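Inspection log for the structure reproduced underneath, given as structure tokens.
The values are calculated or read from the model by the stated rules, or taken from the named source; none is laboratory data. Remember, predicted model here, so these are calculated numbers, not experimental data. Note that each Cβ is placed from the backbone with ideal geometry, even for glycine, and that neighbours are counted across all protein chains shown. Ligands, DNA and RNA are stripped out before the accessible areas are found, and what is left, the full protein with its side chains, is counted by its heavy atoms. Shrake-Rupley method; radii C 1.70, N 1.55, O 1.52, S 1.80 Å.
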Amino acid sequence: NNFIFNGINFLQIKGCSMGSNASPSYANIFMGFFEEKFIYPYIRGLHMLYLRYIDDIFIIWTGTKQQFKSFVENLNKKHPSIKFTYKISDEAVDFLDTTVYIDTHNQLQTKLYRKPTDKQNYLHRSSVHPERLKINIPFSQALRIKRISSKSNEFEDSCQNLKRSFIKRGYSD
């Protein structure tokens, strides 16, 4: 990646730039190699579920907490620019835009997660974008919530919040 700032040309020689079309592919190739070499051989028999989206990982660990902490500490020594952070919980964990939690019946459930910095500044209704787009954004956001929410009351609560956000952006009730 190269860029010009204050009239000076810079060449990025390490990593890949966020926003570049090729960055997700590079990250997936790198993480796939990293997993094959450093993750999969060590988690066999110690996990129930392992999911990754680019560089975000969700794992249901069946080993001990100390085994998990040691595993992550070891991973963080494998590459100078790859550092894993983690959250251990017996109740709930946020992954991307989803909170995964255990309900009162000891079942895994999911609901929408919004980062505290999410301002929900959707496209304003008065924008000159095509009308079809302004109709599809609220629909697609509600559909996303429907797919994430495993319980109907979670879906309804999140949709009410979504509705308020769109009304603030000039959309009708």
Among segment 68-85, those whose backbone N falls under 17 Å of a label point 7 Å along Cα→Cβ from ALA27 are 81-85
Computed about the Cα centre, the charge dipole of the chain from +1 Lys/Arg and -1 Asp/Glu charges at the Cβ has a magnitude in debye, to the nearest 20, of 360
A chain fully extended from TYR40 to ASP103 at 0.36 nm per residue, minus the present Cα-Cα distance, gains in nm 19.8 nm
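For the chain, with all protein chains present and a 1.4 Å probe, just round the carbon and sulfur fraction of the accessible area to a whole percent. Show your work: numbers first, answer last.
On the way: 6850 of 12510 Å².
Of all accessible area on the chain, carbon and sulfur atoms account for 55 percent.
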Listed residues MET48, MET18, MET31; largest mean-square fluctuation, Gaussian network over the chain with Cα springs below 10 Å, found at MET18
Heavy-atom accessible area with a 1.4 angstrom probe orders LYS77, LYS87, LYS134, most exposed first, as LYS77, LYS87, LYS134
Between the residues ILE39, SER158, HIS105, the Cα farthest towards the positive end of the dipole of the chain, that dipole coming from +1 and -1 charges on the beta-carbon of Lys, Arg, Asp and Glu, is from SER158
Reported to the nearest 10 Å², LEU112 has, with a 1.4 Å probe, an accessible area equal to 30
Heavy-atom accessible area of CYS16, protein chains in place, probe 1.4 angstrom, given in Å² to nearest 10, is 60
Taking a straight Cα-to-Cα line shorter than 12 Å from LYS115, and setting aside same-chain aspartates and glutamates fewer than 8 residues away, one finds ASP94, ASP97
With all protein chains present and a 1.4 Å probe, the order of TYR113, TYR26 from largest accessible area down is TYR26, TYR113
Here the residues of segment 74-110 lying in the modelled label zone of LYS65, meaning backbone nitrogen under 15 Å from a point 7 Å along Cα-to-Cβ, are 86-93
